[in-house]
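J.: Once you've had a glance at the structure underneath, I'll fire off some questions.
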Amino acid sequence: MRLTLDTLATANATKPAYDTAALDIGVVHFGPGAFHRAHQAAYFDALAAKGPRWGICGVSLHSAGVRDALKPQDGLYTLAILDAEISYRIIGSMREVLVGPEDIEAVFERVTRPSVELVTSTVTEKGYCLAPDFSLDLQHPDIVHDLANPRTPKSFIGYIAEGLRRRRQAGLKPFVLIPCDNLPKNGKRLKEAVTVFAGQSDHDLARWIHDTLQCPSTMVDSITPATDDALRTRVKGTTGLEDAWPIQREAFTQWVIEKHTHEDGPDWQGVGVTLTDNVPAYERAKLRLLNGPHSTLAYMGLHRGYESVSEAMKDAELADIVRKLMIEDVVPLLEAPEGLDLVAYSEAILARFRNPAIVHKLAQIAWDGSQKLPIRILSSLGEALDRGQDIRRLCLPLAAWMRFVRRKAITGEAITDPLADDLIALGKTCDDTVADTGRFLALRAVFPEALVTDATVIAGLEAAYAELLRREAVFA
Ligand code: CS2
């Protein structure tokens, strides 16, 4: 039997404490993938128990998979919380899912409803179409397309700009826009990108966006491995109902949102969200002490033949490198958000990485390295260099990423990365000597010139790369 509103009562799981069918759409969310459904949708589910105002309309920009899985389930899905304690919760806040390319007018109808006061997003780093300096990339093919066809956009930025244009035309105030991706200053960058986009054709709209759009920055956190068949089987076995797309995550979850103006907005604090003026400190700590080490474990762990985070953490040498990278290399660069002890925070993250209840694939974290490494590692490397700190350990994940690319170029396996073609072509030119590092460092979309022409960085990377070469018989 499939999970639906009709079968919900029979589920052996915590059920929505409200009438899901009566929930109004108050939020349009771009990118209703696993992370959104594990994180923000669970907070909106808790808000729904307080009132019917904040139901979600998800908008997929590329594939129909989420809609096709959730529609026959009346939008319901199971959230498996896998940790020291295991629990299952049915989430009811996702009231509908639209597929942008198929339903573009429906998307704009939702976005211009007066009752829709929130637009949120998890479109990943690449979804913002930003250049390496974090400004809108006006050469990005989707942005070029959207500037020429603003009423039928492809990019998230194009959707937001057109949605805001329509709201203004209808005499409505803008929605509050809350980006939830692992980008530093995500709110500031998104608002700038949308304003620049609008300003290419409509200065009044750009001015209106600049003056009136609330776009708070956020920090989001909860480890969410991709769904696999093992999870589907487990969910069916426990809840008694089939779910085409259940979600799994750890118990820990955190959402920090910059204080902003939203009259009659959600009772954020009532559901555990932190509202603060100090988002940058939280977000820097999280990006550099969780995501940076995650990418380090991914590339170094894959290099050592491991498949999951918890498995890689059992390698005492690797776990020690990651711990020292966090506590000795990164913590000294950070300012602690109010009341947070950064060393204790690091230890808690390491304990989360060891969580044996979930299998978090290193290959999943290894996606989009060209987008993630600048934010997660190069930021710390640059600051450590400026302070005269030892940077050798921070070079290890970069060198391991280079070996990862080289291995894919040799085996012919695909890389998931917006620069995949360039990376594979580059990987093919490598000759498995330290000279390879220079080939990678020439990638201006990833490595800023000032940083990688520094002799200490070049030497650090060559040493790290040589060390990795020593450990392998060139992928024999
Ligand atoms: C991970 C993140 O896949 C990745 O790159 O580092 O998805 C990480 O699990 C989340 O940011 C945790 O909040």
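Only the coordinates and a few stated rules stand behind these numbers; no lab work does. Being a predicted model, the structure only gives us computed values, none of them experimental. FYI the Cβ positions are ideal-geometry reconstructions off the backbone, even for glycines, and counts take in every protein chain you see.
J.: Hey, what does the equivalent ellipsoid look like for the range 41-82, semi-axes from the Cα gyration tensor as sqrt of 5 times each eigenvalue, largest first, whole Å? Mind dumping the intermediate values first?
T.: On the way: eigenvalues 84, 38, 20 Å².
Ellipsoid semi-axes (Å, largest first): 21, 14, 10.
J.: Can you give the alpha-carbon Rg of the range 199-310 over 2.2 N^0.38 Å, where N counts its residues? All intermediate terms of the calculation are to be shown ahead of the outcome.
T.: Numbers: Rg = 20.0 Å, N = 112, 2.2 N^0.38 = 13.2 Å.
Computed over Cα atoms of the range 199-310, the ratio equals 1.51.
J.: Rg/Rh for the range 280-475: what does it come to with C-alpha atoms and Rh from Kirkwood? Present the calculation step by step, with values, prior to reporting the outcome.
T.: On the way: Rg = 15.9 Å, Rh = 16.8 Å.
Ratio of gyration radius to Kirkwood radius for the range 280-475: 0.95.
J.: Still on this model: Work out how far the C-alpha atoms of the range 182-229 reach from end to end along every principal axis, then list the three figures in whole Å, largest first.
T.: Dimensions of the range 182-229 along the principal axes of its Cα atoms: 49, 21, 15 Å.
J.: Take each of the peptides 407-417, 385-395, average the number of other beta-carbon atoms within 10 Å over its residues, and list them starting from the highest. Mind dumping the intermediate values first?
T.: Working: 407-417: 13.9, 385-395: 16.5.
Averaged packing, sorted descending, gives the order 385-395, 407-417.
J.: Out of every Cα-Cα pair in the range 53-162, what percent are more than 24 Å apart? Display every interim value, and only then the final one.
T.: Values: 2175 of 5995 pairs.
The calculated P(r) of the range 53-162 puts 36 percent of pairs beyond 24 Å.
J.: For the chain, count the residues as N, evaluate 2.2 N^0.38 Å, and divide the Cα radius of gyration by that value, please.
T.: On the way: Rg = 22.5 Å, N = 476, 2.2 N^0.38 = 22.9 Å.
With N residues counted in the chain, Rg over 2.2 N^0.38 Å equals 0.98.
J.: Order 427-433, 282-288 from most to least packed using the mean count of other Cβ atoms within 10 Å.
T.: On the way: 427-433: 13.4, 282-288: 22.1.
Ranking, from highest mean packing down: 282-288, 427-433.
J.: Take the Cα atoms of the range 262-342, build their convex hull, and give its volume per residue in Å³. Intermediate results must be reported in sequence, preceding the final value.
T.: On the way: hull volume 10.5 nm³, N = 81.
Output value, Cα hull per residue: 130 Å³.
J.: Pick out, in residue order, every one of the GluC sites (Glu not before Pro) in the range 76-129 that is DSSP loop and has at most 16 other C-beta atoms within 10 Å; say none if there are none. Intermediate results must be reported in sequence, preceding the final value.
T.: Details: sites: E85, E96, E102, E105, E109, E117, E125; in loops: E85, E102, E117.
Answer by residue number: E85, E102.
J.: Turning to a different aspect of this structure: Provide the descending list of Cα extents for the range 8-276 along its principal axes, expressed in whole angstroms.
T.: For the range 8-276, the Cα extents along the three principal axes come out at 56, 36, 32 Å.
J.: Now for a different question. Binning at 10 angstrom from zero up to the longest distance, how are the C-alpha pair distances of the range 292-337 distributed in percent?
T.: Once binned at 10 Å, the Cα pair distances of the range 292-337 give 28, 49, 19, 3.
J.: Check each of the trypsin sites (Lys or Arg not before Pro) in the range 215-259 and keep only those in coil by DSSP with at most 15 other C-beta atoms within 10 angstrom; list them in order. Display every interim value, and only then the final one.
T.: On the way: sites: R232, R234, K236, R249, K259; in loops: K259.
Passing both the DSSP loop test and the Cβ count: K259.
J.: Looking only at Cα atoms, what is the convex hull volume of the range 147-272 per residue, in Å³?
T.: Details: hull volume 21.3 nm³, N = 126.
Convex hull of Cα atoms, per residue: 169 Å³.
J.: Give me the percent of DSSP beta bridges within the chain that run antiparallel, rounded to the nearest 5. Walk me through the numbers before you get to the answer.
T.: Working: 12 of 38 bridges.
Counting DSSP beta bridges with both partners in the chain, the antiparallel share is about 30 percent.
J.: Hey, another quick one. What relative contact order, as a whole-number percentage, does the chain give when Cα pairs under 8 Å and 6 or more residues apart are counted? Intermediate values should be presented prior to the final figure.
T.: Working: 838 pairs, mean separation 60.6, N = 476.
The value is 13 percent.
J.: Over 18 Å, how big is the tail of the calculated P(r) for the range 32-114, in percent of all Cα pairs?
T.: Values: 1532 of 3403 pairs.
The share of Cα pairs beyond 18 Å in the range 32-114 comes to 45 percent.
J.: Which of the aspartates and glutamates could be linked to K428 by a straight reach, that is with a Cα gap under 19 Å, when you skip same-chain ones fewer than 8 residues away?
T.: Within the straight-line cut-off, K428 pairs with D368, E413, D417, D436, E462, E472.
J.: What list do you get for S63, S222, S155 if you sort them by fewest beta carbons within 10 Å?
T.: On the way: S63 11, S222 18, S155 25.
Starting with the residue having the fewest Cβ neighbours, the order is S63, S222, S155.
J.: Moving on to the next point. Quick one: Cα centre-to-centre distance for the range 375-395 and the range 278-356, in angstrom?
T.: Here the answer is 15 Å between Cα centres.
J.: Sum -39500 (n - 2.57) across every DSSP H segment of at least 4 residues in the chain, then divide by the residue count to get the 222 nm mean residue ellipticity, nearest 500.
T.: Values: 22 runs with 206 residues, N = 476.
Mean residue ellipticity, 222 nm, calculated: -12500 deg cm²/dmol.
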